[in-house]
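The structure appears below as structure tokens.
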Number of protein chains: 2
Amino acid sequence: MTSTYDVAGLGNAIVDVLAPADDAFLLKHNIAKGVMTLIDEFRADQLLKVLEKGVEAAGGSAANTMAGLASLGGSGVYVGKVKRDRLGESFSRSMKDTGLRFAVPMADGGASTACCLIAVSPDGQRSMSTYLGASRELTPADIDEADIAASSVIYVEGYLWDAPEPKAAIKKAMAAAKKAERKVAFTLSDPFCVSRWRDEFRALLTSDIDILFANEEESKALFEVENFDDVLQALQVWNGTAAITRSEKGCVVVRGSEVHVIDAVAVKQVVDTTGAGDQFAAAFLFGFTHGKSLSDCGRLGCLAAAEVISHYGARPETSLKDLARKAGLL
Amino acid sequence: MTSTYDVAGLGNAIVDVLAPADDAFLLKHNIAKGVMTLIDEFRADQLLKVLEKGVEAAGGSAANTMAGLASLGGSGVYVGKVKRDRLGESFSRSMKDTGLRFAVPMADGGASTACCLIAVSPDGQRSMSTYLGASRELTPADIDEADIAASSVIYVEGYLWDAPEPKAAIKKAMAAAKKAERKVAFTLSDPFCVSRWRDEFRALLTSDIDILFANEEESKALFEVENFDDVLQALQVWNGTAAITRSEKGCVVVRGSEVHVIDAVAVKQVVDTTGAGDQFAAAFLFGFTHGKSLSDCGRLGCLAAAEVISHYGARPETSLKDLARKAGLL
């Protein structure tokens, strides 16, 4: 069945706000250095006011992935919830600028658009304060079954599982994808997220997921094992395709007895690892929806990850399409 | 069928002679710094005289492996040729000290016992001058078919393929092993060795080899590919067991659709990588001949490699048996 879109991506729609901040600033505003803290709306408002020189950029894991897909020349739909406020308009504009379809109606009331306030220290450390706001209000009504059915793959961010309405929305989207005989891809998102939802994620593996994305820590958390090889053994008996990223060790791609061990692409300097997993998934899915072999999908993923860790920010700054062509992968 | 020995190892019997040497010494004696050079008997005699303060230690790749096997409590036979001269006696004594059987008759004439003269610079670099001497004179008559038939596995060093008589000896040993329904293990030894004998080694894969040891470069040379994943794909369709070492990336063990990706064991400091592959093979074969799973064989291999690269010298300095027990692998 032909499809209109390569990928429909579902995730928390978040605007990143980056601002320089010294230790005195972090201390004054009670921001824990170098970690990610979830915050409420009141605190988000406070911090947004003091970070007035912040640079805004659309973020969110699956949204970053979709932007990477667009950078490769892929087509897609993004599904995530923002409010009709300044940050929501900014997020919406940036998604549409990439050429992706983004048609989820903005909320007119309720929580503000999600934001991740990133204080960047002079030493390069990033202290993140995340307010999930409107992104948690994605509901089944926001799922356009026709868009899902028109996409070769739907790609779901595990983070969404943390709130009841987005979880119901995911279930509706997965059902629509299955009905249209589309593939369901899922990213585990975070080892803590896996700990919270391990049993449900493992049930999803059996019932719904065709393609699993995870980094090494997340995959170990999923199967509750300590050695990577035990992850590999569990994946080999699972009836799906898994792509596990391993930082400087590259990735391992598994589909039953088919196993690929792909080396990382060398980078001159690792500047900021934010977005590595998101861009890996982007390029892997581009390859997957364009008839590439699993090993080439893995290579494309490693190439995109290498680009994004070479600079600040979670989205590509160079055309991934050009990079992939130069590497002989397209 | 029960066996008397775990492994019969065939290789070049070489005595290492290590001596400190500064740059002026290297220059005076025309020794190329940091590399391995093959030398003739005349030059070996000359250098042995000037390196009179050298420390002698039995070496040779398969001999190192057999010493590692003994350190794990394994039993074995070593097959290699020395002359009845001072170094030959020294080699023979050191092999017997490990508890291994070493019954190949010493040559009474011909070339001197092989030696590898290792000049160790103050900066830690090792400049090696290797004289193969008597080790190249291993003949089919030196192969005791009863010893081979009494060993669960025979382990053959690819380096032996470089001379006609040792090659004939290997063929006889492999035939004896096959007849007794024993396993044939083979190490590719060196990327240059693989380049010289690629077609014959690939034919051996089909006809004789049950267990292949190689490092990443050797395996790429064997299959003439540039990516490790292409090696993996070639090994998955081969009808045997392969253990490929990847330095800091650990190892990958393959038997058809069974694939294990095993991480390297962390070491405080890499002092000298000599013997890493030899000790990996030792511990892998110990596991293999003691009913361990392929993944545990790989883990044992990585553990032994980590021990030997933590100090100078190609043989274990700590009991590998104790290490393996502490790691819960025995």
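Things to note:
- Residues of the stretch A:101-124 classified as surrounded by fewer than 19 Cβ atoms within 10 Å (Cβ to Cβ), modelled with pLDDT of 95 or more and hydrophobic (A, V, I, L, M, F, W, C), total: 1
- Taken as a whole, the structure leaves B:VAL265 outside the set of residues that are within 12 Å of chain A (Cβ to nearest Cβ) and in a strand (DSSP E or B).
- Apart from one condition, B:ILE170 fits all of (1) over 20 Å from B:LYS81 (Cβ atoms); (2) assigned to a helix (DSSP H, G or I); (3) modelled with pLDDT of 95 or more; the exception is (1).
- Among (1) outside any strand (DSSP E or B); (2) in contact with a Lys or Arg (Cβ under 8 Å, 6 or more places away or on another chain) - the single one A:ILE154 does not satisfy: (1)
- The stretch B:196-252, residues that are assigned to a strand (DSSP E or B) and either within 16 Å of B:VAL156 (Cα to Cα) or under 18 Å from the mean Cα position of the chain (by Cα) (or both): B:ILE211, B:LEU212, B:PHE213, B:ALA214, B:ASN215, B:THR241, B:ALA242, B:ALA243, B:ILE244, B:THR245, B:CYS251
- A:ASN215, sole failed condition from (1) surrounded by fewer than 23 Cβ atoms within 10 Å (Cβ to Cβ); (2) within 14 Å of chain B (Cβ to nearest Cβ): (2)
- Among (1) within 13 Å of another protein chain (Cβ to nearest Cβ); (2) surrounded by fewer than 24 Cβ atoms within 10 Å (Cβ to Cβ); (3) within 25 Å of B:SER247 (Cα to Cα), the one test that A:THR273 misses: (1)
- Residue count for the stretch A:76-100 satisfying the condition of being surrounded by fewer than 20 Cβ atoms within 10 Å (Cβ to Cβ) and either under 21 Å from A:LEU320 (Cα atoms) or of a type in the set (Lys, Arg) (or both): 8.
- Matching option when the condition is of a type outside the set (A, V, I, L, M, F, W, C), within 14 Å of chain A (Cβ to nearest Cβ) and out of contact with any Phe, Trp or Tyr (no Cβ under 6 Å at 6 or more places or on another chain), among B:GLY328, B:GLY291, B:GLY301, B:GLY313: B:GLY328
- Scanning the stretch A:222-241 for residues that are away from chain B (no Cβ under 12 Å) and either without any contact (Cβ under 8 Å) to a residue 12 or more places away in the chain or surrounded by fewer than 22 Cβ atoms within 10 Å (Cβ to Cβ) (or both) returns A:PHE223, A:GLU224, A:ALA234, A:TRP238, A:ASN239, A:GLY240.
- Residue in the stretch A:125-139 that is at pLDDT 95 or above, hydroxyl-bearing (Ser, Thr, Tyr) and touching a Phe, Trp or Tyr at 6+ places or on another chain (Cβ under 8 Å) present: no
- Test: residue in the stretch A:159-168 that is in contact (Cβ under 8 Å) with a residue 24 or more places away in the chain, charged (D, E, K, R) and more than 21 Å from A:GLN279 (Cβ to Cβ): yes
- Only a single criterion out of (1) away from chain A (no Cβ under 14 Å); (2) free of Cβ contacts under 8 Å to residues at least 40 places away in the same chain; (3) farther than 19 Å from B:GLY9 by Cα is not satisfied by B:GLU248, namely (1).
The values are calculated or read from the model by the stated rules, or taken from the named source; none is laboratory data. Computed from a predicted model, the values in this text were never measured in an experiment. Positions of Cβ are generated from backbone atoms using ideal geometry, with glycine treated the same way; all protein chains shown enter the neighbour counts.
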